[in-house]
Amino acid sequence: MLPLVAIVLALVVSAVILEVVSYRALERIPSVATEEFPEIDRELLGKFSSFDPELGWVPQPNREKQKDTGDHLPGEEVRTTVTYSTDEYASRVCPAKERDPDADIRVSTYGDSYCFCREVDNDETFQNYLAQELDTHVANYGGGNYGLDQALMRLKRQYPDDPTDHVFMVVTASSIARILSVWKHYQEFGNILAVKPRYVLEDGDLERVESPVDEKEELLDLESKADFLREYDFHYDHWFKPHFATRPYTADFLEKNEHLRYAGYTAGKELERRLSRSIPGIDFDLAQTQSALRLEQPRVRYHERLFDTHEDLFDALIQEFVDYADKQDFEPTFVMVQQLRYAKYESEHGPIYGDLLDRLDERYDDLTTIDMATHLSPDDGDVESLYVERGEGGHYSPETNAAIAQVLAGVVEQRAVVE
């Protein structure tokens, strides 16, 4: 009898240990949610310097930050950092040319982190290269994790203080998901500080739903706003709940082989950190990044479906951009750029946004559209070569930003000829 009891006890203990290990592993896998309302402590809140009650968050004026790109191995000195600097307008600085309100051509850009040009220095942004091409200052009002909605909101707030002749709206295809979001955590698990306003369509008209957070301190108790967040964030029902891990966690962890691979690469990186040296034979950082990209593929397909089901909202936001351009008398250009996870998928399946740009071209005579993917396709098909090699992964390299500047300069010069 005792041996049987011992066996049962050992099995129970093993099951408990496996359950705990599985939960801890799932916590670190980016495609799995383990908590609906993770704790936000005051130390984390204090670091959220970009909080903005109107937009959710926004770059602050006259700031300079240095960011470690991660382009080094454990134990090595940091070889590469990038510098992000903003001016008094909270635009990223443009070293090539100072702002001149009397310039013959004035240009500004709005959009997401691809507009801001994350992971490269101030003088390696496409805005800086564009300023060199046009011999004029180019304002950079990109915001990390912005969708078309927040970019449009920032345009309306900023433009009266910094009017320009040309406005480029530069976003990635993930905007289709971001415009349906109120709390980023419901679609980008772990992005727990990002609460934002959004637009909804009411009888065909855009209606703005304000952020439920007026003061930064309110982020400490987001659970009290659960009903609002669940109602207005489309992803709560359609993405968060289907990817929410529940007991038994072991089953969720073992459900996909990629979970095991990602956990293994993460463990390898942790071991290298503790040993303060790299382990020969495998680049755990690169392997983890590639595993994360594979885990991201279902999200890309999800976004592809959103372009079919919510194109009306996206089109209405473009209409608002065009109407605002007409009201303020500037030339509007909409630019679609690609995140790495989309570029790899679209190289095989075509653009997830379908015929969006063709539809916009047919509908708006005064709007110029650019599908940057058609201008940046490498001859050898190696789309990864367009992006920084390491770091956060997925933003354009300085060389690609220079190529983007050439395309945008062509738009400005073409309009000058037409006028």
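Say each of ARG24 and GLN60 gets a label point 7 Å from the Cα, pointing the same way as Cα to Cβ; how far apart are those two points in nm?
Here the modelled spin labels are 3.6 nm apart.
Of the labelled options [x] 39, 27, 17; [y] 40, 25, 21; [z] 56, 22, 19, which one gives semi-axes √(5λ) of the Cα gyration tensor in Å as computed for this structure?
[y]
Pairs to check: LYS47/LYS67; LYS196/LYS225; LYS47/LYS216; LYS67/LYS344; LYS156/LYS196; LYS184/LYS225. Give those whose C-alpha atoms are more than 19 Å from each other in this structure.
Details: LYS47/LYS67 14 Å; LYS196/LYS225 13 Å; LYS47/LYS216 11 Å; LYS67/LYS344 26 Å; LYS156/LYS196 16 Å; LYS184/LYS225 14 Å.
Going by Cα-Cα distance, LYS67/LYS344 fall outside the 19 Å limit.
Let me know the shape class of region 109-210, please: from the alpha-carbon gyration tensor, a ≥ b ≥ c as square roots of the eigenvalues, rounded when a/c is under 1.5, otherwise prolate if a/b is greater than b/c, or oblate.
oblate
Please report the spacing between the Cα centers of region 199-266 and region 129-169 in Å, no decimals.
Here the answer is 29 Å between Cα centres.
In region 2-418, what % of DSSP beta bridges are antiparallel (nearest 5)? Each step should come with its number before you reach the end.
Working: 15 of 37 bridges.
Counting only bridges with both partners in region 2-418, antiparallel ones make up about 40 percent.
Subtracting the Cα-Cα distance from 0.36 nm times the residue separation, let me have the gained length for ILE105 to ALA251 in nm, one decimal. Kindly include the intermediate steps, with their values, before the conclusion.
On the way: separation 146, 0.36 × 146 = 52.56 nm, distance 5.98 nm.
Extra length from ILE105 to ALA251 when fully extended: 46.6 nm.
Please find the FRET efficiency linking LEU275 to GLU210, where r is the Cβ-Cβ separation and R0 is fixed at 51 Å, and quote it to the nearest 0.05.
Numbers: r = 50 Å, r/R0 = 0.98.
Efficiency computed from Cβ-Cβ geometry: 0.55.
How do the peptides 7-19, 250-262, 295-307 rank, highest first, by the average count of neighbouring beta carbon atoms within 10 Å per residue?
Numbers: 7-19: 11.0, 250-262: 16.2, 295-307: 18.1.
Output ranking for 7-19, 250-262, 295-307: 295-307, 250-262, 7-19.
So how strong a dipole does region 118-184 carry about its Cα centre when Lys and Arg Cβ are +1 and Asp and Glu Cβ are -1, to the nearest 20 debye? Numbers along the way, then the final one.
Details: 6 positive and 10 negative charges, 125 e Å.
Dipole magnitude for region 118-184 comes out near 600 debye.
Name the shape class, rounded, prolate or oblate, that the alpha-carbon gyration tensor gives for region 341-419, where a ≥ b ≥ c are the square roots of its eigenvalues, rounded holds for a/c under 1.5, and otherwise prolate holds if a/b is larger than b/c and oblate otherwise.
Numbers: a/c = 2.63, a/b = 1.43, b/c = 1.84.
Verdict is oblate for region 341-419.
Compute the distance in nm between two label points, each set 7 Å from the Cα along the Cα-to-Cβ direction, one at VAL16 and one at THR309.
Spacing of the two 7 Å Cα→Cβ label points: 4.2 nm.
For the chain, what is the calculated [θ] at 222 nm in deg cm²/dmol (nearest 500), taking -39500 (n - 2.57) for each run of four or more DSSP H residues and dividing by its residue count? Working shown, then result.
Details: 15 runs with 178 residues, N = 419.
So the calculated ellipticity at 222 nm is -13000 deg cm²/dmol.
Please give the helix 340-349 orientation as an angle from the longest Cα principal axis of the chain, in degrees from 0 to 90, rounded to the nearest 10.
90 degrees
For helix 311-328, what angle does its Cα long axis make with the longest principal axis of the chain, in degrees from 0 to 90 and rounded to 10?
30 degrees
Every number in this text was worked out from the coordinates using simple rules, so none of it is lab data. What you see is a predicted model; the values in this text were computed from it and never measured. Reconstructed Cβ throughout: ideal geometry from the backbone, glycine too, with neighbour counts over all protein chains shown.
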